[in-house]
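The values are calculated or read from the model by the stated rules, or taken from the named source; none is laboratory data. Bear in mind that the values here come from a model prediction, so they are computed numbers and not experimental data. A quick note on method: Cβ atoms are made from the backbone with ideal geometry, for glycine too, and the neighbour counts reach across all protein chains shown.
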Number of protein chains: 2
Amino acid sequence: MPESVRILGIDPGSRFTGYAVIDVFGADVNVVAYGVLKLPQKKPVSERLKQLDMLLRQLGEEHCPGEVVVEEAFVAVNARSALVLGQVRGVAIVAAGASCPVFEYSARAVKKAVVGYGQADKGQVVQMVKTLLHLPEAPPQDAAEALALVLCHMYSRRFAARLEGAR
Amino acid sequence: MPESVRILGIDPGSRFTGYAVIDVFGADVNVVAYGVLKLPQKKPVSERLKQLDMLLRQLGEEHCPGEVVVEEAFVAVNARSALVLGQVRGVAIVAAGASCPVFEYSARAVKKAVVGYGQADKGQVVQMVKTLLHLPEAPPQDAAEALALVLCHMYSRRFAARLEGAR
């Protein structure tokens, strides 16, 4: 596992998809970009998915990540929303992870890594992400989820590197 | 709506994805290709989805369809399988329909168009597709669903053309 890497995190949602890009150099971390992609709700599903694909491929071309992290799908309350979320998730994995490995973490694991416990609410995630990454202001919620995701992956990489070092 | 068109049909499934390519020239139809894409079940989801994306893009490059048809998602019995199906479906729509319009029909509409009633079983679909397209032998089931899908779209196009002509 290389010490320096650019990580792209994606939090796919049926309306808003959050993203975050960070550079990790050993113990240092630099926030490169974060934001929210908004899908037009009035277009047919196929158009919305194609647009998300295009936006995520643009993000990938712009930032050339070495690793991609996507939130593991929670199982939605009903089959209809699970299907819609699944569609967005499938497109996100393939478009963002086209040319690099894709990692997944559950929402619970992400919250535990960033806030300290798995039941943290969204507001706490926003505040912790802002603090940990020294952001000038609180990021939008969907972007904060993506930032939490890349942080979680960074911690997991560090832990793996330490285990390797201890061998 | 042009009289001649190449139609690619995709029946996305979590394990097997059927496809079919036909050429329509006015009242004539020519079967170009059909088959089943099988996804390796032992690889991580992201690898499976990337592989499906690659296979479908290859299909698109090989056959250059003018229109793509995908089966409208039925709502699965549970949220877990809806999510899995949704992921495959999202990838299928974006990969196969990358450079042309995407149409959707429900399984019920497809069966009604091809067999004559919406509750037809899979075996009846296989037999009707074989008969209607003069295939030398019964196609594999997932391919038959994709063939039924392109037939349904062809009938729908003809109906639209007749309506246009009647004006």
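Do you know which residues across the range B:55-69 are under 18 Å from A:D53 (Cα atoms) and either touching a residue at least 12 places away in the same chain (Cβ under 8 Å) or facing chain A (nearest Cβ under 9 Å) (or both)?
Residues satisfying the conditions are B:L55, B:L56, B:R57, B:G60, B:V68.
Could you pull out the residue among A:E72, A:E104 that is within 14 Å of A:P12 (Cβ to Cβ), more than 7 Å from chain B (Cβ to nearest Cβ) and at pLDDT 90 or above?
On the way: A:E72 fails: at pLDDT 90 or above.
Matching residue, one of A:E72, A:E104: A:E104.
Given the condition within 25 Å of A:L135 (Cβ to Cβ), hydroxyl-bearing (S, T, Y) and part of a loop (DSSP other than H, G, I, E, B), answer yes or no: does some residue in the range A:18-25 qualify?
no
Restricting to helices (runs of 4 or more DSSP H) lying wholly in the range A:76-167: which have 2 or more residues that are surrounded by fewer than 19 Cβ atoms within 10 Å (Cβ to Cβ) and touching a residue at least 60 places away in the same chain (Cβ under 8 Å)? Spell out how you get there, then give the answer.
Working: elements: A:79-96, A:107-114, A:122-132, A:141-166.
Filter on the range A:76-167 gives A:141-166.
I'm told B:V94 meets every condition in (1) of a type in the set (V, I, T); (2) over 17 Å from the mean Cα position of the chain (by Cα); (3) within 14 Å of chain A (Cβ to nearest Cβ) except one. Can you identify the failing condition by its number?
(2)
Being under 13 Å from the mean Cα position of the chain (by Cα) and closer than 23 Å to B:V69 by Cα is true for just one of A:R48, A:R80, A:R89. Which residue is that? Give the derivation first.
Working: A:R48 fails: under 13 Å from the mean Cα position of the chain (by Cα); A:R80 fails: under 13 Å from the mean Cα position of the chain (by Cα).
Sole residue among the options that is under 13 Å from the mean Cα position of the chain (by Cα) and closer than 23 Å to B:V69 by Cα: A:R89.
Residues of the range A:31-64 being surrounded by 19 or more Cβ atoms within 10 Å (Cβ to Cβ) and either assigned to a strand (DSSP E or B) or out of contact with any Leu (no Cβ under 9 Å at 6 or more places or on another chain) (or both), which ones?
A:Y34, A:V36, A:L37, A:V45, A:S46, A:K50, A:D53
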